[in-house]
Amino acid sequence: MTDSPTRIAVIGSGPAGFYTAGHLLKSGAGGHSIDFEVDMLERLPTPWGLVRSGVAPDHPKIKSVTRVYEKTAANPRFRFFGNVAFGEHVSRAELLSHYHAIVYATGSPLDRPLSIPGEDLPGSHAATEFVGWYNGHPDHTDLELDLLAAERAVVIGNGNVAIDVARMLVLAPSELAPTDTADHALEVLARSRVSEVVIVGRRGPAQAAFTNPELLELGELSGADVVVDPAELDRALAVHDAAAEADITSRRNVEILRSYASRPLAGHTKRIVLRFLLSPTALAPGADGRLGAVELVRNELVTDSDGKLRAQATGEHERIPAGLVFRAIGYRGIPLPGVPFDERRAIIPNAGGRVLDPSTGTPLPGEYAVGWIKRGPSGVIGTNKKDAQETVDAILADSSPDGEGLSRPDSPDAAAVEQLLRERQPELVTYDGWASIDRHERALGESSGRPRVKLTRIEEMLRVAAGD
Ligand code: NAP
């Protein structure tokens, strides 16, 4: 064993950050040569990233993965510093003087824009805002969402986020009541007049990014029919896609959609309509100046030079009257102060997790990336476990005697860095502070049979974390 531990700062407390911490702390256990200590810095007072603020509230089983992260957090060589923003309270250079390595696990918090006229009209929203709002993310608590004016909502995109958004819009108040949906969202969703949600894909069913359980779940909703036009399905499937044919998820998605197209409607008051081969070209205002309709162009599938099927606009247009539109066309990473960033891919440039200096293409000693900010916004929560292993393997290799080496901190001292962080952010939230928030939220939920009632304002969280 070495005398002094190897100290790692993980920036961000979502699944990628926690799997990284977990793998590092395990690798130090059991007499191996490296003893790691991990400090996790998080912008919010609360941990778990998208598990808390992205996973849909009616999917509590998926959220139970936090039990694994809680075990990591219980390790005496782990510390949580919440309410600390990288680049604002502490800089990259300061962290490199206190830690042997920094692992960036900051995800992809932004939405991707459609870049079409009318995108800023009232009634047009990013799915990221809506998801954050119903999940109680403090950045989105004040979102103004008019679910009273609109009877039809259009969701652009054919991924799982589009499905989550559509499902949340049609779930009955009684189905939402036992979940941890934020109180402000429960109240607005209960009064919603939205009765039809149209999910629009620019390509066909075989190219959709849905996963099978999520698509199947749409067909099991107690209060909404799923509508698929068999003629549109046939048109989209007429073009052979070898890659989709070879992909079991895609084949099963097509089967599920075919079954939706052929089954009789149950006659529910709400419906989810799945449309294909359509791209929005503009969002048009109604008489009141709010969103009134989505203008779309019909697409055909053409094979690209790389063999991939791409949507190409035909001259045919369509207009779908709608008071709400949600763009769910993927997330985007944001640059971190002082850290290299690949603007095109919206990720930190890296090789297997080692952050690369863009001017030389060589790794920056002691800097690593993991999760969505490393590979882009794809995959499910579990994907980050393997991804984190790759980054941790790079750290292990670099810290071995014949490795490339980590950063050489002047002051790798646990107390010194905590003092610095507390000076910069007197309202720093430790893991005990989070545990107080957690207990408080669970207690609030108990009387109404909900897993928790989320605090959605930072000031409230800080008060509870401080024991006030
Ligand atoms: P995604 O899976 O990447 O899907 C994005 C969709 O947007 C694709 O259908 C894409 O179509 C479409 N799109 C992109 N640009 C477009 C444009 N300009 N116009 C029209 N459509 C456009 O992204 P996501 O839904 O945000 O999900 C992100 C990740 O989180 C995924 O890996 C997802 O599986 C995961 N997730 C999982 C769950 C769950 O497990 N329950 C829930 C939510 C999210 P093309 O294919 O044509 O580009």
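Each value in this text was obtained by applying a stated rule to the coordinates, not by laboratory testing. What you see is a predicted model, and the numbers here were worked out from it, not measured in a lab. When we count neighbours, we look across all protein chains shown, and the Cβ atoms used for this are built from the backbone with ideal geometry, even at glycine.
Quick look at the values:
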item	result
Bins of 10 Å from zero: percent of alpha-carbon pairs in the range 388-445	18, 24, 28, 23, 7, 1
In degrees, nearest ten, helix 431-446 long axis to first principal axis of the chain (Cα)	40
Within the chain, helix-based [θ] at 222 nm, where runs of 4 or more DSSP H residues each add -39,500 (n - 2.57), nearest 500	-9500 deg cm²/dmol
Point-charge dipole on Cβ atoms (K/R +1, D/E -1) for the range 111-154, about Cα centre, debye to 20	180
5 Å-binned pair-distance histogram of the range 1-133 (Cα, whole percent)	2, 9, 17, 18, 16, 13, 10, 6, 4, 2, 1, 1, 0
Length released on extending from residue 378 to residue 439, taking residue separation times 0.36 nm less the Cα-Cα span	18.7 nm
Distance in nm between pseudo-label sites at residue 359 and residue 314 (7 Å out along the Cβ direction from Cα)	5.3
Spherically averaged projected area of the range 218-280 from its Cα convex hull (nm²)	5.1
Tensor-based shape of the range 80-189 (alpha-carbon gyration tensor, a/c under 1.5 rounded, otherwise prolate or oblate)	prolate
Listed residues 124, 182, 208: farthest to the positive end of the dipole of the range 118-209 (Cβ charges)	208
Unit charges at the beta carbon, dipole of the chain: most positive-side option, 224, 351, 194	224
Prolate/oblate/rounded label for the range 183-307 (Cα gyration tensor, a/c 1.5)	oblate
Size of charge dipole - the range 26-135 - debye, nearest 20, with Cβ of Lys, Arg +1 and Asp, Glu -1, no other charges	520
Estimated dipole of the chain in Debye, rounded to 20 [Cβ of Lys and Arg +1, of Asp and Glu -1, Cα centre]	860
Pairs from 270/308; 26/61; 386/454; 308/374; 270/374 whose Cα-Cα separation, in the structure shown, is over 32 Å	270/308; 270/374
The range 176-245: proportion of alpha-carbon pairs further apart than 16 angstrom, %	65
Prolate/oblate/rounded call for the range 371-468, Cα gyration tensor, a/c under 1.5 rounded	oblate
³J(HN,Hα), Karplus 6.51/-1.76/1.60, whole Hz, each residue of the range 37-51, x for Gly, Pro	10, 10, 10, 10, 9, 9, 5, 8, x, 10, x, 5, x, 5, 5
Which of 9, 55, 40, positive extreme of dipole for the range 1-113 (C-beta unit charges)	55
The range 141-198: proportion of alpha-carbon pairs further apart than 12 angstrom, %	67
Compactness index (Cα Rg / 2.2 N^0.38 Å), the chain	1.04
